[in-house]
């Protein structure tokens with residue numbers, strides 16, 4: 001979650017999303033990966049909703 005701490009969007013589709021897609025193609029259930037993926041997407045959405053966009057400055 002280094003991207004999250006750096007204020008960057010998480011690369012979920014490249015990582016866990018690919019595992020979920022491959023599991024679907026092969027007919028292999030990956031419920032734990034799907035659960036972690038869903039939780040990480042929620043964390044990412046909440047973090048981006050509560051923080052200013054990357055590179056934004058706040059006037060004092």
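Coordinate-derived values only; no laboratory data. Being a predicted model, the structure only gives us computed values, none of them experimental.
Using only the alpha carbons of segment 2-50, what is the convex hull's orientation-averaged projected area in square nanometres?
With the hull built on Cα positions only, its mean projection is 3.3 nm².
Gain in length, residue 13 to residue 35, computed as 0.36 nm per residue apart minus the alpha-carbon separation, to one decimal in nm?
Difference between extended and current length: 6.6 nm.
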